[in-house]
Amino acid sequence: MLIVQKYGGTSVANLECIEKVAKRVAKTKEDGNSVVVVVSAMSGETNKLIEYAKHFSSSPKQREMDLLLSSGERVTSALLAIALTQMGHNAVAFSGRQAGIYTDEVHTKAHIARIDATRLEKELKDGNIVVVAGFQGITNFGDVSTLGRGGSDLSAVAIAGALKADICEIYTDVDGVYTTDPRVEPKARKLEMISYDEMLELASLGAKILQNRSVELAKKLNINLVTRNSFNENPGTLITKEENIMEKPLVSGIAIDKNQARVTLRGVTDKPGIAAEIFTTLAKENVNVDMIIQNVGHDGTTNLGFTVPENELDIAKIAIGKIEPANVVEYDSDIVKVSIVGVGMKSHSGVASRAFQTMAKEGINIEMISTSEIKISLVINAKYGELAVRALHKAYELDR
Ligand code: ADP
Ligand code: ASP
Ligand code: MG
């Protein structure tokens, strides 16, 4: 079998951990498999590098950020290959560029445009273990790019697709995908399987076990994606097509996204083209806008509210400052988005009202609501975020 294994930050957190990963990789190879390993930076490393940059500038150039951030994964990939070689295996490490991962020019959240896998294929054919630095690629200009936070997952899935791997295993510090973040609700249950669509929603709505774009690509390429714990041998969670899942629960999971901020524009001129101007300006800066709410106009003006990722708020502020679209602009980082996800919602009513009742019972005010076919999202005050997750987890009987 050709296996792609991705090890996250906590799995390569220090030299001892890297040694353990090397043993696990060596065992996989000794069992007769071809192995490609994708690694993250040591846990905390990417955040540390961001803080270093912030010491000098609150809005550093994204191009330089990418060169800086990509360094963390280079360290762990080289160290893992060195450790494997010392164990008597032939291992070769590659940066994203060396691995042939080409991206667009959207620095700090680039999309993979194509993979030239010639070199990786050759190394595998020669019987070598291939180790690739995750989270990074190269633009057509030859600049280093990174794939967004958690982007090593995307590297792994994309490489698995390019090499037509039999399976892509994502190793992390929990046993798999749970009904909610087990750090927030210890009663959360591990799921044996989950559909690509539900996983995509959970990941997009804050469940950082998998990066959302990696799930999107896995679905598109129909990749056998499994999340597992690098610290034990438990079987993990398979992410697969909906039709492969026999028992479809009403609700599969609850997600919480703390990286959210709200922008409120008061006294926006109520005329055609104003929304286009605001959101085109934000789109140009690659700010991800979500949950847009516009009130019914009054006296020729209206109010407009929307959410953006908290770490994009500074960029959003600068962009909005340039066009001055409203009399008053308010920013609020003290919010979280809590979401309920399940394919069962498609065919059942009353799922949303149960969420509203649960919030009412806890005395939590809902500030914004959005729904889609398989999800309900609520924006609430940050201080009630984890309480809301636990209450909803119980209300939908996910602990049973
Ligand atoms: P890695 O560094 O290995 O990429 P991450 O920290 O990115 O790991 O993702 C793993 C973490 O995701 C877990 O430690 C857990 O706290 C969190 N998490 C959030 N939601 C879920 C969920 N539904 N199931 C499992 N883990 C979750
Ligand atoms: N090191 C990067 C991050 O912390 C990428 C990853 O771990 O997947 O976001
Ligand atoms: Mg991750």
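Only the coordinates and a few stated rules stand behind these numbers; no lab work does. Being a predicted model, the structure only gives us computed values, none of them experimental. Ideal geometry is used to build each Cβ from the backbone, glycine not excepted, and the neighbour counts take in all protein chains shown.
Could you state the per residue volume, in Å³, of the convex hull enclosing the Cα atoms of the chain? Could you put the intermediate results ahead of the total?
Details: hull volume 60.3 nm³, N = 400.
Per-residue hull volume (Cα only) is 151 Å³.
Principal axis extents of the Cα atoms in region 1-106, from largest to smallest and rounded to whole angstrom, are 49, 30, 18. For region 264-279, putting each phi into the Karplus relation 6.51 cos²θ - 1.76 cosθ + 1.60 with θ = phi - 60° gives couplings of 10, 10, 10, x, 7, 4, 8, 9, x, x, 6, 5, 4, 5, 4, 7 Hz, in residue order, rounded to whole numbers and with x for Gly and Pro.
Summing +1 for each Lys or Arg and -1 for each Asp or Glu, what net charge is found among the other residues whose Cβ lies under 14 Å from the Cβ of residue 84?
On the way: positive: 20, 23, 24, 27, 29; negative: 19, 30, 123.
Net of charged neighbours comes to +2.
Close amide H contacts of residue 301 (hydrogens built in the peptide plane, cut-off under 5 Å, sequence separation of 5 or more or a different chain): 270.
Can you give the relative contact order of region 290-362 as a percent, counting alpha carbon pairs under 8 Å and 6+ residues apart? Write down the numbers at each step before the final one.
Values: 25 pairs, mean separation 11.8, N = 73.
Relative contact order, region 290-362: 16 percent.
With a sphere of radius 13 Å drawn around the Cβ of residue 224, what net charge do the other residues whose Cβ falls strictly inside it have (Lys, Arg +1; Asp, Glu -1)? Its environment carries a net charge of +2. Across region 222-227, coupling constants 3J(HN,Hα) worked out from phi with the 6.51/-1.76/1.60 Karplus curve, θ = phi - 60°, read 6, 8, 6, 10, 10, 9 Hz, and Gly and Pro carry x.
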